[in-house]
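Visitor: Okay, handing you the structure first.
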Amino acid sequence: MTKNSRLAFGLVCLSLTACDENLFNLVGEQHVRVYQDDQAISCADTGTISVKTHGKLLIDENIELHCSQKGNDGMSYTQSCGSETGSINIFTIHHKDLDTAESLGFSRLSTLPDAQFDTKCEFKVISDAKKYALINQLKDQSSNWQTNKTAEYKFQYNVKYSDCATFAPTPIVTITVINDEISTVYDIENETFLTDITDYKTIDELYSELDLLLKLTPLEAGLSPSALNKLPIFGATGLPEQYFIDSGGEACDAANYIMSDLELL
């Protein structure tokens with residue numbers, strides 16, 4: 001399904017009842033938006049549940065997502081530190097999966113009559129054809145990596161965010177993996193080992209991360225921000241050498257991954 005074909009169909013309420021339930025047709029299939037509170041608190045830097053975390057709950061139950069986004073419940077809250085914000089994570093799913101979603105703690109977005117969100121999100125994301133082409137490429141290359149990998153290796157890694165001008169540049173690092181776990185992360189430019197390696201991943205973990213981000217149905221994906229129509233590049237052993245993906249659900253989530261100099265130890 002291309003973006004143009006999605007636009008041609010539009011969102012069509014099926015009946016008065018369906019409109020009340022926020023049920024709509026998307027290329028001949030019934031869809032519904034669901035949400036969960038992301039538990040964001042004013043002035044707090046931690047504790048907010050990401051779109052990715054809530055989306056994974058649905059994906060793990062084989063629920064296909066056609067849009068993933070941040071929104072607001074439209075209610076009024078006290079403007080002070082420590083108060084609730086009304087921020088929510090919203091997903092567009094097939095109506096047939098609604099019962100499963102509700103069993104996971106999600107609710108129909110239609111229960112929030114004043115909710116604020118991007119009503120055209122489903123038309124802005126990558127097409128289903130592109131999404132599954134990228135997922136299949138990732139699956140094939142992951143198999144290639146599993147065939148060639150060892151439990152100990154090292155590689156250079158860097159990620160830059162094209163949608164976050166104020167984000168501090170991330171260093172180019174060498175990640176060393178021992179027994180399939182990260183042993184050290186070395187900042188090449190500053191010639192120092194990093195003490196906080198929480199956000200770094202093994203190649204296996206990077207594959208899982210990219211697979212999840214694609215299944216969330218991102219805004220854009222491809223080789224790079226300037227080459228979206230080109231496929232990501234992988235090395236002979238399955239190393240993801242260059243991969244761009246803009247999840248579009250939150251700020252600072254348009255990531256350009258660059259990896260090189262893989263050495264199997």
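Visitor: Excluding Leu239 itself, calculate the net charge of residues whose Cβ lies under 11 Å from the Cβ of Leu239, where each Lys or Arg counts +1 and each Asp or Glu counts -1. All intermediate terms of the calculation are to be shown ahead of the outcome.
Guide: Values: positive: Lys149; negative: Glu241, Asp261, Glu263.
Once all neighbours under 11 Å are counted, the net charge is -2.
Visitor: Ranked by Cβ crowding within 10 angstrom, fewest neighbours first, how are Tyr243, Tyr257 ordered? Let's see the in-between values first.
Guide: Values: Tyr243 24, Tyr257 19.
Lowest count first: Tyr257, Tyr243.
Visitor: With Cβ to Cβ distances under 14 Å as the rule, what net charge do the other residues near Phe193 carry (K, R +1; D, E -1)? Walk me through the numbers on the way to the answer.
Guide: Working: positive: Lys154; negative: Asp187, Glu189, Glu191, Asp196.
With Lys, Arg at +1 and Asp, Glu at -1, the net is -3.
Visitor: With Cβ to Cβ distances under 12 Å as the rule, what net charge do the other residues near Asp261 carry (K, R +1; D, E -1)? Walk me through the intermediate numbers first.
Guide: On the way: positive: Lys154; negative: Glu241, Glu263.
Taking every Cβ under 12 Å from that of Asp261, the sum is -1.
Visitor: While we're on this one: Give me Met259, Met75 ranked fewest to most by other Cβ atoms within 10 Å of their Cβ, as a rough exposure proxy. Intermediate results must be reported in sequence, preceding the final value.
Guide: Working: Met259 21, Met75 10.
With the sparsest Cβ surroundings first, the list reads Met75, Met259.
Visitor: Right, another one. Compute the distance from the alpha-carbon center of the stretch 97-126 to that of the stretch 173-194, in whole Å.
Guide: Centre-to-centre (Cα) distance: 40 Å.
Visitor: What whole-number volume per residue, in cubic angstrom, does the convex hull of the C-alpha atoms of the stretch 68-155 give? Write down the numbers at each step before the final one.
Guide: Working: hull volume 20.0 nm³, N = 88.
Each residue corresponds to 228 Å³ of Cα convex hull volume.
Visitor: Take the alpha carbon gyration tensor of the stretch 128-264, find the square roots of its eigenvalues, order them as a ≥ b ≥ c, and report rounded if a/c is under 1.5; if not, report prolate when a/b exceeds b/c, else oblate. Intermediate values should be presented prior to the final figure.
Guide: Working: a/c = 1.97, a/b = 1.19, b/c = 1.66.
Because a/c hits 1.5 or more and a/b fails to exceed b/c, the stretch 128-264 counts as oblate.
Visitor: Arranged by the count of other C-beta atoms within 10 angstrom, fewest first, what order do His54, His95 take?
Guide: Numbers: His54 25, His95 17.
Listed from fewest to most nearby Cβ atoms, that is His95, His54.
Visitor: Report, in debye and to the nearest 20, how large the dipole of the chain comes out about its Cα centre when Lys and Arg carry +1 and Asp and Glu carry -1 on their Cβ.
Guide: About 920 debye.
Visitor: In the stretch 96-160, which trypsin sites (Lys or Arg not before Pro) fall in coil by DSSP and have 14 or fewer other Cβ atoms within 10 Å?
Guide: Lys120
Visitor: What trypsin sites (Lys or Arg not before Pro) does the stretch 176-265 have in DSSP loop regions with at most 14 other beta carbons within 10 Å? Numbers along the way, then the final one.
Guide: Numbers: sites: Lys201, Lys215, Lys230; in loops: Lys201, Lys230.
Sparse-neighbourhood loop trypsin sites (Lys or Arg not before Pro): Lys230.
Visitor: Restrict the search to the stretch 158-265; then list the GluC sites (Glu not before Pro) that DSSP places in a loop and that have at most 13 other Cβ atoms within 10 Å of their Cβ.
Guide: Numbers: sites: Glu181, Glu189, Glu191, Glu205, Glu209, Glu220, Glu241, Glu250, Glu263; in loops: Glu189, Glu191, Glu250.
Taking the stretch 158-265 and a limit of 13 other Cβ atoms within 10 Å, the loop GluC sites (Glu not before Pro) found are Glu189, Glu191.
Values in this text are rule-based calculations from the coordinates and carry no lab data. All values reported here derive from a predicted model rather than from experimental measurement. All Cβ positions, glycine included, derive from the backbone under ideal geometry; neighbour counts span all protein chains shown.
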